[in-house]
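Undergrad: Questions regarding the structure given below will be posed in turn.
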Amino acid sequence: QVQLVESGGGLVQAGGSLRLSCAASGRTFSSYAMGWFRQAPGKEREFVAAVSRIIAITYYADSVKGRFSISGDNAKNTVYLQMNGLKAEETAVYYCAASLSNSNLLQSVGYNYWGQGTQVTVSS
């Protein structure tokens, strides 16, 4: 069993930055791949970024490439999502997720565990 707790969300102006954190517990952090998804009101959950286990390949949605960065700290059992140049349309609840299979990392079905989410609001 893995427990995930996100933090770092909040209100930011368009063009600003936030860093989300996801603290994991219950299993060796390096045993699973990690991802970030987001869900805006009335919309489906969408993939944002992921990092594979072992060799730490990163993946990004086209809409965030060059602005967002995913990273992990094994010593702290924490994965981060640095978000720069935020846009109003990126207002959403951001979720952290853990994958034991290390496959289908761009899709929510590839993940076994989810955090409760953290709200990010970008004002225009």
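Undergrad: Could you give the nm distance between label points at S25 and Q1, where each point is 7 Å from its Cα heading toward the beta carbon?
TA: Distance between the two pseudo-spin positions: 1.2 nm.
Undergrad: From Cα coordinates alone, what are the radius of gyration and Dmax values for region 46-92 in angstrom?
TA: Over region 46-92's Cα set, Rg and Dmax evaluate to 11.6, 35 Å.
Undergrad: Taking the Cα centre of each part, how many Å lie between region 36-68 and region 78-94?
TA: 10
Undergrad: Another question about this same structure. Using a Förster distance of 35 Å, how high is the FRET efficiency between S123 and I54, based on the Cβ-Cβ distance and rounded to 0.05? Mind dumping the intermediate values first?
TA: Working: r = 39 Å, r/R0 = 1.13.
Once the sixth-power term is evaluated, E becomes 0.35.
Undergrad: Please compute the modelled spin-label separation between S103 and K65, points set 7 Å along Cα→Cβ, answer in nm with one decimal.
TA: 2.5
Undergrad: What net charge do the residues around Y94 carry, taking every other residue with its C-beta under 12 Å from that of Y94, with Lys and Arg at +1 and Asp and Glu at -1?
TA: On the way: positive: R19, R38, R45; negative: E6, E46, E90.
Net charge around Y94: 0.
Undergrad: Then there's this: Please identify, among N102, N84, N74, the residue showing maximal mean-square fluctuation in a Gaussian network model of the chain using a 10 angstrom Cα cutoff.
TA: Among N102, N84, N74, the largest mean-square fluctuation in the Gaussian network model of the chain belongs to N74.
Undergrad: Through the Karplus equation 6.51 cos²θ - 1.76 cosθ + 1.60, θ set to phi - 60°, convert the phi angles of region 84-92 into ³J(HN,Hα) values in whole Hz; use x for Gly and Pro.
TA: For region 84-92, the Karplus-derived couplings read 10, x, 5, 10, 4, 6, 8, 4, 5 Hz, x marking Gly and Pro.
Undergrad: Over region 1-81, consider all pairs of different Cα atoms and compute the Kirkwood hydrodynamic radius from their mean reciprocal separation; express it in Å, one decimal. Don't skip to the answer; put the middle values down first.
TA: Working: mean 1/r = 0.0735 Å⁻¹.
Mean inverse Cα-Cα distance, inverted, gives 13.6 Å.
We did not get these values from a lab; they are worked out from the coordinates using the rules stated. Quantities reported herein were computed from a predicted structural model and do not represent experimental measurements. As a convention, Cβ positions derive from the backbone with ideal geometry for all residues, glycine included, and neighbour counts pool all protein chains shown.
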